[in-house]
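**Q** Questions regarding the structure given below will be posed in turn.
The values are calculated or read from the model by the stated rules, or taken from the named source; none is laboratory data. Note that the structure is predicted; figures quoted are calculated from it, not measured. Cβ atoms come from the backbone with ideal geometry, glycine included; neighbour counts cover every protein chain shown.
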Protein chains: 2
Amino acid sequence: MAGEAAVYRRRLARLLERFPHLGVDAILFFEMKNICYLTGFTGSDGVFLLLPDKGVLLVDGRYITQAREEAPQSYTIQYRDKIGGVASAFGEGGVKRAGFEAASLSVELHEKLRGKLAPCMLIPLTEELTGIRSLKDSQEVLLMRKAADIATEALLQVIELMRPGVEERTIALEIDYRMRALGSEGTSFPTIVASGPNAALPHARPGSRKLEDGDPVVMDFGAVHGGYHSDETCTFVLGRADAKFREVYAIVKDAHDRAIDAVRAGAACREIDRVARQVIEKKGYGPHFSHGTGHGVGLDVHEAPRLSALSDQTLEAGMVVTVEPGIYLPGQWGVRIEDMVLVREDGCEVLTKISKELKII
Amino acid sequence: MAGEAAVYRRRLARLLERFPHLGVDAILFFEMKNICYLTGFTGSDGVFLLLPDKGVLLVDGRYITQAREEAPQSYTIQYRDKIGGVASAFGEGGVKRAGFEAASLSVELHEKLRGKLAPCMLIPLTEELTGIRSLKDSQEVLLMRKAADIATEALLQVIELMRPGVEERTIALEIDYRMRALGSEGTSFPTIVASGPNAALPHARPGSRKLEDGDPVVMDFGAVHGGYHSDETCTFVLGRADAKFREVYAIVKDAHDRAIDAVRAGAACREIDRVARQVIEKKGYGPHFSHGTGHGVGLDVHEAPRLSALSDQTLEAGMVVTVEPGIYLPGQWGVRIEDMVLVREDGCEVLTKISKELKII
């Protein structure tokens, strides 16, 4: 995910503005997704030190060439030993109070750093760093659109294989195979294909169960393009849809549609969850909607903000979030309908493309 | 990976024996691979508290049924809030000094636990926990054999596709697809297919480069079966092998063979690395062998022990490790040859099955 230097400068500037409020004169990043976002470097190991006057990217010998190519606007240093490398960059920067990602840095690494960096203070940052990637720029949205398009095309190709007698895992494998053949860098997460009673489990793993006539089939899948993820869920039904399925599908679809209608800049994340949940509760299925309504998507498939009853975040224009209500009837089946949307000032744009009208295949 | 209750009792007993030495009266596990190893539970979230008289598995509502099924010998508790759940299990167990996985527990979670569990002391364990999974029992070896067999079969199927003009990423995709079609639960890691100059990069990502006549092609890949990984690297050459390639291949093969000959219970891990490295150094390619000689494999594809010059571990019968020397010539090409072996008292058994003789395809 190489972007223009101006993009990275803007991202760093947004963080630098917050230094006084955070009470730090540097921030140390170990999370590779954050490092990629702030520098463009896509390797699997490294450290990024953001100082008031520059960004210092520290990598080992494997990655020095790649780091210089991908992150030309960073000051790139090769280390032999990670902690030692960080310590000398700290010394040169005259750092006194450095923030760090407390939600991911391990106790062990923190202890080692503390010993080596003293008397510099290490300041744990958690909520303060949540959401640094949540506003997407036009280039990021383009990558996510493309990821969603790949996923759409793969699913459309696979529909013809969905016949009674085919195993769930075969469908999942074919979705993954076609996404990659169409250019996806992998899958956003392990693809879910859950049929019949398995569809009642929100996190079912595709297995050897064979599709049967009349089965609802929940398919939750996503592609990756330029490091950015898509996330979408379709629930199709095989051969025929009985009255009960039609009823439940219509409720979930209504919850999904109303929640999407409520998405706009300024809306509270918990309000979107409430809108979806209220539709389902009013029909008496409240206890069967056992998860939150959505989450942010980007370089991670799950990132800030969360659309749940416990969230205290507010939607802003440029966020990309999922809306994915569901009803799960243990021992019977389930329905989940999910789209990924881009928040705008006055509403939202649905980035995922597959129709969510009831589909009998 | 459900095993017999006796297997888990044995694993817990080995840890419990070390409580006095570690100075703890409990150990708290958050690493899901460790929890799976100690209980059989394969969910993606949970906590395991090992007490002198029992193991307590704490999970949220999504996983309570699965946890009771997979880990019947554990005392299973459902929590609404993870920290609160741990705190009440601590209270009931009368825990005073609890060890934890310092290499993976985040600073944030550690702080929250510390606040909630006081006055109980939390004792960081690092080296003390490295290697709790490194001795494989016969059931684990069986799963790894099967994983290696799946990978072998997939690669043999893909050889026929390896012709000039085919892209690296197509080969990688086909290996992954066939491994899963043959029953693999995924891939051990992102499959490497690196041709021509890309083969000079030990961690190359497969891209759009098309294979050419005369190309060396490094393929590093592994399957997953019952949660256990395989890991193997073949370097084939397309169409014809010139004298330089034959020379380098023979050196790497010799390093590989001699290192495997040196593997036996009681051998120092660094000695295996030295044996391989010395062969390569004597021929003048020392600076071009830029990584360690191997690593343990199991529920993780990289786990203890490490076979490197810096390792202070000793091989024991029952460990499964890779032996994977390589020579990388920047801008030209590279060769890596890797097998996965089971350490025995008097030597080792190679678990991976593909011949490592020079192969022109």
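**Q** Report whether or not B:Leu129 is within 10 Å of chain A (Cβ to nearest Cβ), farther than 17 Å from A:Tyr177 by Cα, buried (at least 20 other Cβ atoms within 10 Å of the Cβ) and out of contact with any Cys (no Cβ under 8 Å at 6 or more places or on another chain).
**A** no
**Q** Taking the options B:Ala67, B:Ala89, name whichever one is of a type in the set (Gly, Ala, Ser), in contact (Cβ under 8 Å) with a residue 40 or more places away in the chain and not in a loop (DSSP other than H, G, I, E, B).
**A** B:Ala89
**Q** Something else now. Of B:Gly55, B:Gly46, B:Gly40, which residue is on the phi > 0 side of the Ramachandran plot and touching a residue at least 24 places away in the same chain (Cβ under 8 Å)?
**A** Sole residue among the options that is on the phi > 0 side of the Ramachandran plot and touching a residue at least 24 places away in the same chain (Cβ under 8 Å): B:Gly40.
**Q** If we keep just the residues of the range B:102-120 that are more than 10 Å from chain A (Cβ to nearest Cβ) and assigned to a loop (DSSP other than H, G, I, E, B), which is surrounded by the fewest Cβ atoms within 10 Å (Cβ to Cβ)?
**A** B:Pro119
**Q** Any idea how many residues of the range B:289-308 are surrounded by fewer than 20 Cβ atoms within 10 Å (Cβ to Cβ) and under 21 Å from A:Tyr63 (Cα atoms)?
**A** Result for the range B:289-308: 4.
**Q** Which number in (1) among the basic types (Lys, Arg); (2) outside any helix (DSSP H, G or I); (3) within 21 Å of the chain's Cα centre (by Cα) marks the one condition that A:Arg11 misses?
**A** (2)
**Q** Mind checking whether some residue in the range A:296-313 is touching a residue at least 60 places away in the same chain (Cβ under 8 Å), over 22 Å from A:Ser188 (Cα atoms) and not assigned by TED's automatic domain parsing to the domain that holds A:Ser104?
**A** Yes - at least one qualifying residue is present in the range A:296-313.
**Q** Could I ask something else about it? Criterion first (free of Cβ contacts under 8 Å to residues at least 60 places away in the same chain, more than 14 Å from every other protein chain (Cβ to nearest Cβ) and not aliphatic (A, V, I, L, M)) does A:Glu232 satisfy it?
**A** Taking the combined requirement at face value, the residue does not satisfy it.
**Q** Next question, about the same structure. Suppose the filter is within 23 Å of A:Lys146 (Cα to Cα), hydroxyl-bearing (Ser, Thr, Tyr) and surrounded by 24 or more Cβ atoms within 10 Å (Cβ to Cβ); does A:Ser195 pass it?
**A** no
**Q** Next up: Determine if the range A:270-287 includes at least one residue that is within 17 Å of the chain's Cα centre (by Cα) and crowded, with 24+ Cβ neighbours inside 10 Å.
**A** The answer is no; no qualifying residue exists.
**Q** Inspect the range B:174-183 for any residue being buried (at least 17 other Cβ atoms within 10 Å of the Cβ), away from chain A (no Cβ under 11 Å) and either at positive phi or not hydrophobic (A, V, I, L, M, F, W, C) (or both) and give the result as yes or no.
**A** No, the range B:174-183 contains no residue that is buried (at least 17 other Cβ atoms within 10 Å of the Cβ), away from chain A (no Cβ under 11 Å) and either at positive phi or not hydrophobic (A, V, I, L, M, F, W, C) (or both).
**Q** Keeping to the range B:121-142, report how many residues are of a type in the set (S, T, N, Q) and outside any helix (DSSP H, G or I).
**A** 3
Table: residues versus (1) crowded, with 22+ Cβ neighbours inside 10 Å; (2) within 14 Å of another protein chain (Cβ to nearest Cβ); (3) basic (Lys, Arg).
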| position | (1), (2), (3) |
| --- | --- |
| A:Lys210 | no, no, yes |
| A:Ala223 | yes, yes, no |
| A:Arg240 | no, no, yes |
| A:Glu247 | no, no, no |
| A:Ala262 | no, no, no |
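**Q** Looking at (1) charged (D, E, K, R); (2) surrounded by 19 or more Cβ atoms within 10 Å (Cβ to Cβ); (3) touching a residue at least 60 places away in the same chain (Cβ under 8 Å), which one does A:Lys253 not meet, given that it meets all the others?
**A** (2)
**Q** For the range B:185-204, what are the residues that are more than 10 Å from chain A (Cβ to nearest Cβ), part of a loop (DSSP other than H, G, I, E, B) and among the small types (Gly, Ala, Ser)?
**A** B:Ser188, B:Ala204
**Q** A further question on this structure: Restricting the search to the range B:74-86, which residues are outside any helix (DSSP H, G or I) and buried (at least 17 other Cβ atoms within 10 Å of the Cβ)?
**A** Hits for the range B:74-86 are B:Ser74, B:Thr76, B:Ile77, B:Tyr79.
**Q** Further, regarding this structure: Determine if the range A:127-136 includes at least one residue that is more than 23 Å from A:Thr42 (Cβ to Cβ) and either of a type outside the set (A, V, I, L, M, F, W, C) or in the same structural domain as A:Thr39 (by TED's automatic domain parsing) (or both).
**A** The answer is yes; a qualifying residue exists.
**Q** Condition check: within 22 Å of the chain's Cα centre (by Cα) and either within 20 Å of B:Gly94 (Cβ to Cβ) or at pLDDT below 95 (or both). Does B:Ala2 satisfy that?
**A** yes
**Q** Another one. Just a yes or no: is a residue in the range B:148-155 within 16 Å of the chain's Cα centre (by Cα) and either within 14 Å of chain A (Cβ to nearest Cβ) or crowded, with 17+ Cβ neighbours inside 10 Å (or both)?
**A** Looking through the range B:148-155, at least one residue is within 16 Å of the chain's Cα centre (by Cα) and either within 14 Å of chain A (Cβ to nearest Cβ) or crowded, with 17+ Cβ neighbours inside 10 Å (or both).
**Q** If B:Arg68 meets every condition in (1) in contact with a Ser or Thr (Cβ under 7 Å, 6 or more places away or on another chain); (2) surrounded by fewer than 17 Cβ atoms within 10 Å (Cβ to Cβ); (3) farther than 28 Å from A:Arg205 by Cα apart from one, which number is that one?
**A** Exception for B:Arg68: condition (3).
**Q** Can you tell me which of A:Val56, A:Val24 is farther than 15 Å from A:Glu128 by Cα, in contact with a strand residue (DSSP E or B) (Cβ under 7 Å, 6 or more places away or on another chain) and aliphatic (A, V, I, L, M)?
**A** Going through A:Val56, A:Val24 in turn, the sole match is A:Val56.
**Q** Would you mind telling me which numbered condition in (1) of a type outside the set (Asp, Glu); (2) within 11 Å of chain A (Cβ to nearest Cβ); (3) touching a Phe, Trp or Tyr at 6+ places or on another chain (Cβ under 7 Å) B:Met144 fails?
**A** Result: B:Met144 passes all but (2).
**Q** Taking only the range B:149-184 into account, find how many residues are in a helix (DSSP H, G or I) and either polar (S, T, N, Q) or within 11 Å of B:Gly222 (Cβ to Cβ) (or both).
**A** So the count comes out to 10.
**Q** Considering only residues of the range B:44-61 that are within 14 Å of chain A (Cβ to nearest Cβ), in contact with an Asp or Glu (Cβ under 8 Å, 6 or more places away or on another chain) and of a type outside the set (A, V, I, L, M), which is surrounded by the most Cβ atoms within 10 Å (Cβ to Cβ)?
**A** B:Gly46
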